[in-house]
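J.: Below is one structure. I have some questions about it.
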Amino acid sequence: MSGFFASTRYAVVGASANKSKYGNKVLCWYLQNKISAVPINPTATHIENAACSPSLSELEWAKDRAEMQQTSVSVITPPRVSAMVLREAARLGVKHVWFQPGSEPENMKELAKDLDVCVIGNGPCILVDGPSMLNRARL
């Protein structure tokens with residue numbers, strides 16, 4: 001878990017401009033904690049004044065595998081979409097993915113193991129557990 005906050009770049013897949021949605025709340029958590037995170041949303045250009053990318057593959061640094069290995073990804077999408085996000089992240093070199101509660105793909109642990117990606121899921125929520133994990137990572 002501590003490796004998630006050791007990254008130098010962050011992306012929020014499923015970011016939303018709708019303030020009532022967790023995709024917005026999670027993005028705002030990063031911003032409130034002074035962590036720069038790119039919202040990933042295929043239809044928006046900006047969310048919370050942050051420029052969006054339509055997908056992980058279209059991040060400005062996506063072609064640089066070393067940079068992608070330093071990117072941690074929070075996921076707030078339906079489980080069937082989350083499995084595709086995990087595969088895309090692994091293909092690009094991402095090593096840390098945090099599935100927010102309810103977004104976990106059915107076979108998350110097996111898929112992550114097969115793809116060699118460290119995942120957080122099945123319980124921890126960045127809105128609840130993020131502050132203590134971030135503090136531990138900063139020590």
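The values are calculated or read from the model by the stated rules, or taken from the named source; none is laboratory data. Worth saying up front: this structure is predicted, and the values here are computed from it rather than measured. Here Cβ is always computed from backbone atoms with ideal geometry, including for glycine, and neighbour counts include all displayed protein chains. Note: accessible area is taken over every heavy atom of the protein model, side chains too, but ligands, DNA and RNA are not part of it. Shrake-Rupley method; radii C 1.70, N 1.55, O 1.52, S 1.80 Å.
J.: Do any trypsin sites (Lys or Arg not before Pro) in region 4-77 lie in a DSSP loop with no more than 15 other beta carbon atoms within 10 Å, and if so, which?
T.: Lys19, Lys21, Lys34, Lys63
J.: A further question on this structure: Which order do Val117, Val81 take when ranked by solvent-accessible area (1.4 Å probe, heavy atoms of all protein chains), largest first?
T.: Numbers: Val117 10, Val81 40 Å².
Highest to lowest solvent-accessible surface, that is Val81, Val117.
J.: Then there is this: Where in the chain are the DSSP H helices whose alpha-carbon span along the long axis reaches 18 Å or more and whose Kyte-Doolittle mean is at least 0.0?
T.: Length and hydropathy pass: 79-92.
J.: Would you please name the GluC sites (Glu not before Pro) within region 29-61 that are DSSP coil residues with at most 12 other C-beta atoms within 10 Å of their C-beta?
T.: Glu60
J.: Only sites in a loop by DSSP and with at most 10 other Cβ atoms within 10 Å count here; which chymotrypsin sites (Phe, Trp or Tyr not before Pro) in region 51-131 make the cut?
T.: Within region 51-131, no chymotrypsin sites (Phe, Trp or Tyr not before Pro) qualify (loop, at most 10 other Cβ atoms within 10 Å).
J.: Sticking with this structure for a sec: Using a Gaussian network model of the chain whose springs link C-alpha atoms within less than 10 Å, name the residue from Met68, Met108, Met84 with the highest mean-square fluctuation.
T.: Met84
J.: Roughly to the nearest percent, how much of the accessible area of region 41-139 is carbon and sulfur, given a 1.4 Å probe?
T.: That share works out to 51 percent.
J.: Send over a whole-number figure in Å² for the accessible area per residue of region 1-117, probe 1.4 Å.
T.: Each residue of region 1-117 exposes 51 Å² on average to a 1.4 Å probe.
J.: Next up: Which order do Cys125, Cys118 take by accessible area at a 1.4 Å probe, largest first?
T.: Values: Cys125 25, Cys118 75 Å².
Ranked from most to least accessible, the order is Cys118, Cys125.
J.: About the Cα centre, and with charges only on the beta carbon of Lys, Arg (+1) and Asp, Glu (-1), how big is the dipole of the chain? Nearest 20 debye, please.
T.: 260
J.: Also, quick follow-up: Leaving ligands, DNA and RNA out of it, work out the accessible area of Ser57 with a 1.4 Å probe and give it in Å² to the nearest 10.
T.: Answer for Ser57: close to 40 Å² accessible.
J.: If you take every DSSP beta bridge fully contained in the chain, what fraction is antiparallel? Give it as a percent rounded to 5.
T.: 10
J.: Right, something else. I'd like the per residue volume of the convex hull spanned by the Cα atoms of region 81-139, given in cubic angstrom.
T.: Measuring per residue, one finds 85 Å³ for the Cα hull of region 81-139.
J.: Which whole-number value in Å³ per residue fits the convex hull of the alpha carbons of the chain?
T.: 96
J.: In the Gaussian network model of the chain, springs joining C-alpha atoms below 10 Å, which of Gln32, Gln70, Gln100 carries the largest mean-square fluctuation?
T.: Most flexible of the set in this elastic network: Gln32.
J.: With a Förster radius of 22 Å, plug the Cβ-Cβ distance of Val81 and Leu31 into 1/(1 + (r/R0)^6) and report the FRET value to the nearest 0.05.
T.: 0.40
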